[in-house]
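Okay, structure first, notes after.
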Amino acid sequence: YIARYVFPDKTDLFEIDVSLVCDMAVINPFDFFVDEDAETFPFEYDPSLAVDLAPFRRVDPPGPLLQAWLTSISREKENTVNKLVALNQRLQSEITYAIRMEPGVQTPEETLQLRRGSCRDSAWLMVHICRNMGLAARFVS
């Protein structure tokens with residue numbers, strides 16, 4: 001419902017009481033399948049996907065902080081989902097969440113140097129980490 005209220009006189013108090021009913025359904029964020037060829041990291045994408053995945057695999061040369069972060073990542077064979085969860089947990093523990101009202105996204109170097117960033121900054125850093133590891137990744141808002 002949309003309502004419009006007009007107040008003809010000034011007031012010293014303006015109070016709004018809002019009631020909300022939400023469906024708080026529990027979902028499993030891991031309710032998806034991973035292609036058999038990609039179950040274990042590292043893996044190679046099927047060559048037929050090269051053109052479609054090219055925009056999501058493009059990387060700029062990493063700066064020194066990102067390079068150091070990448071160097072510290074184990075390249076041992078591991079379940080791909082577990083690997084991504086571990087990377088995400090590590091980012092969450094190393095990068096402090098901050099509300100940023102400024103427009104735009106910090107570079108991975110800025111986020112690593114400051115050790116803090118908004119959700120979009122951490123997501124952009126994760127995209128760069130994944131791409132530098134050979135994984136196709138994109139930023140979705």
Just by accessible area at a 1.4 angstrom probe, what is the order of 4, 116, 100 from largest to smallest? 4, 116, 100
For the range 42-141, with only Lys/Arg (+1) and Asp/Glu (-1) charged at the beta-carbon, what is the dipole magnitude about the Cα centre, in debye rounded to 20? 160 debye
Sort 32, 139 by heavy-atom solvent-accessible area, probe 1.4 angstrom, most to least. 32, 139
Solvent-accessible area of residue 141 with every protein chain in place, 1.4 Å probe, in Å² to the nearest 10: 140 Å²
If 83, 77 are ordered by their accessible area, calculated over protein heavy atoms with a 1.4 Å probe, which sequence runs from highest to lowest? 77, 83
Expressed in angstrom and ordered largest first, the alpha-carbon extents of the range 38-120 along the principal axes are 41, 27, 22
Keeping all protein chains in the complex and leaving out DNA, RNA and ligands, what accessible area do you get for residue 60 with a 1.4 Å probe, in Å² to the nearest 10? 90 Å²
Would you please state which residues of the range 64-94 a label at residue 39 would reach in this model, taking the label point 7 Å out along Cα→Cβ and a backbone N cut-off of under 11 Å? 79-80
Averaging the inverse of every distinct alpha carbon separation and then flipping it gives the Kirkwood radius. What is it for the chain, in angstrom units? 18.6 Å
Using a 1.4 Å probe and ignoring any ligands, DNA or RNA, find the accessible area of residue 15 and quote it in Å² to the nearest 10. 150 Å²
In whole percent, what relative contact order does the range 22-141 give with Cα contacts below 8 Å and a gap of six or more residues? 28 percent
Once the convex hull of the alpha carbons of the range 7-55 is built, what does its volume come to per residue, in cubic angstrom? 276 Å³
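The values are calculated or read from the model by the stated rules, or taken from the named source; none is laboratory data. Please read all numbers here as calculations on a predicted model, not as lab measurements. For neighbour counting, all protein chains shown are included, and Cβ atoms are generated from backbone atoms with ideal geometry for every residue, glycine included. Remember, those area values only see protein heavy atoms, side chains included, never the ligands or the DNA or RNA. Shrake-Rupley method; radii C 1.70, N 1.55, O 1.52, S 1.80 Å.
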